[in-house]
Amino acid sequence: MTDTVDHRLRSAWTPRGAAAADVTPKVLRWLAERIGTPGASASVVPDAALEVPSSSLPRRTRAGLAAVVGAEHVLVDPAERLGRCGGLSYLDLLRRRRPELGLTVPDAVVLPADPDQVQRVLDVCVEGDIGVVPFGGGTSVVGGVTALRGDKEAVIVLDLARLDRLVSLDPDSRVAVLQAGVRGPEAERMLGDRGFTLGHVPQSFERATIGGFAATRSAGQASSGYGRFEDMVVGVRLATPRGEWRLGVAPASAAGPDLRQLAVGSEGTLGVLTEVAVRVRPAPAAERYEAFALDGWQRGTSAVRELAQRGLLADVTRLSDPDETDSSLALAGGWKTALLRRYLRGRGIGEPCLLVLGWHGASAREIARRRRAAIRVLRPEGAVALGAAVGEAWRRGRFAGPRQRDALLDLGVCVETLETATYWSRLDELRDRVRAALRDSLDHPLVLCHVSHAYETGASLYFTVLAVRDEADPAGQWERAKRAASEAIADGSLGTITHHHAVGTDHAPYLRAEIGDLGADVLAAARRAVDPTGILNPGKLV
Ligand SMILES: Cc1cc2nc3c(=O)[nH]c(=O)nc-3n(C[C@H](O)[C@H](O)[C@H](O)COP(=O)(O)OP(=O)(O)OC[C@H]3O[C@@H](n4cnc5c(N)ncnc54)[C@H](O)[C@@H]3O)c2cc1C
C-alpha cells in the first residue's frame, strides 16, 4: 500500500499504482482441470468509451453544496462520478467489463472537509430533496454504495475521504476518536505512532474506512482477539437530516437500549458517521503465526469449537475445508508441497483441513503460554503441526486474493465470495446446503469454504466460488447462484444472511425473514425519525 494509489478505481480491486496479480499458466491449467476452460476474456472498458449520463443535479442545489464545501469539492465530471458508481462485488466489477449490464452513476460527488460540513451538506440535500449515498472506501460487496435514486430526482455520493484525522487519543481509557474517512492503514499508522493498535484488519483493509467498518459491522481477520468492529465502537457522532446525533458517554450503561448499536450497522440509512470513538489496545510487541492440519472438516470444526469454548482461540483463527486446503496446496505447488502432502498421508491425515493460528501479544513468552494451551486442545483432535513457515506464508499472502480475482475476471472466470454464520450445532448442515445450492445452480463450479470468525456459540462460514463465466448471461449466472445460496441460508433461519458483508441491496430481500416484520417496522420507524423525507442511501437495508 502506497500513498500514490488511486482508491477511486472501480474497475478492479487492485488500486491504480499498485502491482497487478499474475495468474501463472500453471494456475490456469489447474483451474481449467476443475472448472473447465473460460471461453472469452473481457478487459475493463476504459472510462472514455463509456456513456455517462449528464448530471441531473439542480443548479440551485449545486450552488448550495458549493457554498458549503467549495466549488472544487462538488465534482460532476464523468471520471469522478464513474469513480464512485458502485462497490467492488463481482457484479460491480463485471459491469466495468460489460457496461451494457448498466452502470448506476451518481449526479455528483461531494467531498466535505469536516463533520460540520457533512451536516450542512445534508441540510442542503434535505432542502433540494436529493438522495445522499455515504461513501467510505467504496469496498461494499453487497450494493451498499450503489447510487440508487429511489424517488429522488438526483443523488449525490458523499465521499468522506477528507475526514481523515485522528481527533483524539485518551491513553488512560484506551479510547481513540477517528474521523470516518480514515482508511485502515492510516488508522494503524496514526495509532501506532502513539503505541496503540485498533487490530481491525479485514481483507479490504487497504481501502476501507473507519466509518465503513462501523456502518457495516465489519469483522477483521483477528476478530477472535480484538473483536468485531462493533465490539470496538464506544461512541459515534452522526450527521442526520434532523441534526447532529452523538452517542456514547461511558464504557457501559443501563440507560435504555444501546442506541450506538442502532447506528453501527445502519449502512448510511440512519445518518452519516462523521467520527467514531473506538477502544484501542497497546500495539503488540510480538506476533506468531503457525499452521496445523486436521483430518477432515468434522475434526477441524470440533477443534476450533473446543478452542472457542475454552477461551483459547488465537487472535487469528482460520480453518479451511478440505477443498480450500487442497486448492491452497495446489496453488503453492513445488516440491515442498508434494513433500507436505506425503508427510500428511504418513501421519494419517487423509483429508487435510488447514488451520492457521496467529497470536499477538505483549511478549514472546505470553504467546508461548497461549500457544501451549491451544496445542493441548488440538492434540486430542489429532492435529499435526505444520510449523511457522506455513502460517507466515498465509500472513504474507492474506491480501492477495482480491488482486487475483481481478486477473481471473479478465480471463473470463466468474469468481465471487459469500458468507454467513450460525450456531455450532447447525454449522455442518449450513455448509452442506450452501455448497449444494451453489453446485446445483452453476456448471462445474469450484466451491471453497473456511471458518475465519469463531465464537463460543458458533462460527462464520465464508465461501469462495469459481466457475467458467457464462458469456451469454454473465450477470444472470451469478444472480441465480447467489439467490440459491441465499435461500439455502434463509430457509428455516438456518444462518444469518450476512455475518460481516452487511445488507446493502443484495441481502435486503432476505432481511425481513431474519428480523421479522416487526423488526423491519422498527428499522423503518427509526429511519423516518432521523430522515423524514428519505434522502439517506435510498434502496439499502430496508
Ligand atoms: C476484497 C474485499 C475484501 C473484503 N473483506 C472483508 C472482511 O475481511 N471483513 C469485512 O467485514 N468486510 C470485508 N469486505 C466488505 C467491505 O470491505 C466492508 O463492508 C467494509 O466495512 C466497508 O468499508 P468501506 O469504508 O469501504 O465502506 P463503503 O463500501 O464505502 O460503504 C459500505 C456501507 O456503509 C455506508 N457508509 C460508509 N461510510 C459511512 C459513514 N461514514 N457513515 C454512514 N454510512 C457509511 C455506505 O453507504 C454503505 O452502505 C471486503 C470487501 C472486499 C471488496
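Within the stretch 419-446, if we keep just the residues that are hydroxyl-bearing (Ser, Thr, Tyr) and not in a helix (DSSP H, G or I), the residue that is surrounded by the fewest Cβ atoms within 10 Å (Cβ to Cβ) turns out to be 423. Put simply, of 311, 334 the only residue that is surrounded by fewer than 17 Cβ atoms within 10 Å (Cβ to Cβ) and at pLDDT 95 or above is 311. Only one entry in 351, 381, 416 is touching a residue at least 24 places away in the same chain (Cβ under 8 Å), under 23 Å from the mean Cα position of the chain (by Cα) and surrounded by 15 or more Cβ atoms within 10 Å (Cβ to Cβ), namely 416. Screening the candidates 461, 511 for the property of being within 16 Å of the ligand (Cβ to nearest atom) and surrounded by 23 or more Cβ atoms within 10 Å (Cβ to Cβ) yields one hit, 461.
In this entry, residue 114 is excluded by the filter for residues that are away from the ligand (no atom under 16 Å from the Cβ), of a type in the set (D, E, K, R) and surrounded by fewer than 19 Cβ atoms within 10 Å (Cβ to Cβ). Does residue 294 meet the test of being touching a strand residue (DSSP E or B) at 6+ places or on another chain (Cβ under 7 Å) and within 16 Å of the ligand (Cβ to nearest atom)? Spelling it out, it is not the case that residue 294 is touching a strand residue (DSSP E or B) at 6+ places or on another chain (Cβ under 7 Å) and within 16 Å of the ligand (Cβ to nearest atom). Residues that are in contact with a helix residue (DSSP H, G or I) (Cβ under 6 Å, 6 or more places away or on another chain) and either assigned to a helix (DSSP H, G or I) or not charged (D, E, K, R) (or both) within the stretch 332-356 comprise 337, 352, 353, 354, 356, listed in sequence order. Looking across the stretch 528-542 at every residue that is away from the ligand (no atom under 13 Å from the Cβ) and not polar (S, T, N, Q), the one that is farthest from residue 265 (Cα to Cα) is identified as 532. When the helices (runs of 4 or more DSSP H) confined to the stretch 197-246 are screened for residues that are more than 9 Å from the ligand (Cβ to nearest atom), those reaching at least 3 such residues are found at 223-226, 229-232. Which one is surrounded by the fewest Cβ atoms within 10 Å (Cβ to Cβ), of the residues in the stretch 59-91 that are outside any loop (DSSP other than H, G, I, E, B) and of a type in the set (Asp, Glu)? My answer is 72.
Taking the numbered list (1) in contact with a Cys (Cβ under 7 Å, 6 or more places away or on another chain); (2) within 13 Å of the ligand (Cβ to nearest atom); (3) among the polar types (S, T, N, Q) in turn, residue 140 passes all entries but (1).
Residues in the stretch 208-262 that are in contact (Cβ under 8 Å) with a residue 60 or more places away in the chain and of a type in the set (Val, Ile, Thr) were compared, and the one that is surrounded by the fewest Cβ atoms within 10 Å (Cβ to Cβ) is 240. The criterion of at least 2 residues that are of a type outside the set (A, V, I, L, M, F, W, C) is met by the following strands (runs of 3 or more DSSP E) wholly inside the stretch 131-172: 131-135, 166-170.
The values are calculated or read from the model by the stated rules, or taken from the named source; none is laboratory data. Keep in mind the model is a prediction, meaning the values are calculated, not measured. Cβ coordinates were reconstructed from backbone atoms using ideal geometry, including for glycine residues, and neighbour counts include every protein chain displayed.
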